[in-house]
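Reviewing the structure listed below.
FYI, it's all coordinate maths here, none of it is from the lab. Just so you know, these numbers come straight off a predicted model, no measurement behind them. Positions of Cβ are backbone-derived with ideal geometry, glycine not excepted, and every protein chain shown enters the neighbour counts.
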Ligand code: NAI
Ligand code: MG
């Protein structure tokens, strides 16, 4: 029996999280969910969107899965997601981007993985105003953080039979910070002679990903670029409702969908739960539950191939529940 911290989140979070729990439970894996709440909805009660007991619950169970969490802007709260990643030292943000047959998209055979540095860069959280005149946000790049994220990317490539790792940067402009990232990337690459490597400036990477996404395999990059590039990549395979994510550190792992709380469709039972369901597949693999993971993955393949009972973002008109039942049918 596993104990997993479940953070449903706000907006469509509770809807997609409930769908995910049903799907995971249908595989027969024995999980006890410890549900805790974070986000905009708990501020009145706790005075913060990320109460201490939420962090304690993740530390206790070591594994969590979460829906999107909203941090109100301009109220003085630090982003819940960024705080979780920094507090628990979840230094890897892993986002696999893979096409499903049957999902309408410009491309058919996308299979790439974004490895995003998750603890520093422009998301250091260090910022201040300069009177009324301006503001500064400090971008931090350190050698140990570059080393461990690049090592992770190459090890991931090795363990998952991937052929190439591309380092993405803007070292032509940010010569010191991104220069350190790029040099470290090249150093680490030289320790993995069996895996091809190249590097690319982030703006060119965006263009190339839109024109020739099949040329990429594993891509590793600093925090902000990873956030943006992974959303771009979600658009190559059917949108934000599709792609999963995992925040991984030495001691803890927090699995989550990449999308936000989608206030425009929240509470209507029409959100696509695929992203968090695919995150649960990553979680099951992390736990060593390969069979259960494969069951869910195969069911998704069949549902999309058949193309019935899809949610609105995928061109269908099914509710979240109808789509979820379709998956359960194949499990
Ligand atoms: P969003 O991802 O919530 O929505 C962007 C668009 O994609 C919307 O049109 C939405 O309806 C659609 N969409 C997203 N997920 C979908 C799904 N599963 N099924 C169907 N359609 C889906 O991004 P937005 O609007 O910029 O952000 C809303 C809130 O979410 C903000 O407060 C933001 O801070 C928060 N957020 C939280 C994240 C997290 O917890 N990991 C990540 C990104 C944003
Ligand atoms: Mg994002």
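Only one of 49, 72 is surrounded by fewer than 21 Cβ atoms within 10 Å (Cβ to Cβ), in a loop (DSSP other than H, G, I, E, B) and in contact with a helix residue (DSSP H, G or I) (Cβ under 7 Å, 6 or more places away or on another chain); which? After applying the criteria, what remains is 72.
Restricting 126, 149, 103 to residues that are touching a residue at least 60 places away in the same chain (Cβ under 8 Å) and under 24 Å from residue 178 (Cα atoms) narrows the list to 149. Remark: residue 241 matches the filter, which requires a residue to be part of a loop (DSSP other than H, G, I, E, B) and either within 14 Å of the chain's Cα centre (by Cα) or crowded, with 20+ Cβ neighbours inside 10 Å (or both). Of the residues examined, residue 167 is not one that is away from ligand 2 (no atom under 16 Å from the Cβ), under 30 Å from residue 298 (Cβ atoms) and either in a loop (DSSP other than H, G, I, E, B) or touching a helix residue (DSSP H, G or I) at 6+ places or on another chain (Cβ under 6 Å) (or both). Take the residues in the stretch 284-303 that are in a helix (DSSP H, G or I) and out of contact with any helix residue (DSSP H, G or I) (no Cβ under 8 Å at 6 or more places or on another chain); name whichever of them is nearest to residue 156 (Cα to Cα). Here the residue is 286. Checked against (1) assigned to a loop (DSSP other than H, G, I, E, B); (2) within 16 Å of ligand 1 (Cβ to nearest atom), residue 193 passes all but a single condition, namely (2). Candidates are the residues of the stretch 248-277 that are within 16 Å of ligand 2 (Cβ to nearest atom) and within 19 Å of residue 289 (Cβ to Cβ); the one that is surrounded by the most Cβ atoms within 10 Å (Cβ to Cβ) is 276. Of all the residues in the stretch 214-226, those that are surrounded by fewer than 21 Cβ atoms within 10 Å (Cβ to Cβ) and touching a residue at least 60 places away in the same chain (Cβ under 8 Å) number 3.
Before we move on, is residue 65 in contact with a helix residue (DSSP H, G or I) (Cβ under 8 Å, 6 or more places away or on another chain), within 15 Å of ligand 1 (Cβ to nearest atom), in a helix (DSSP H, G or I) and closer than 20 Å to residue 248 by Cβ? No.
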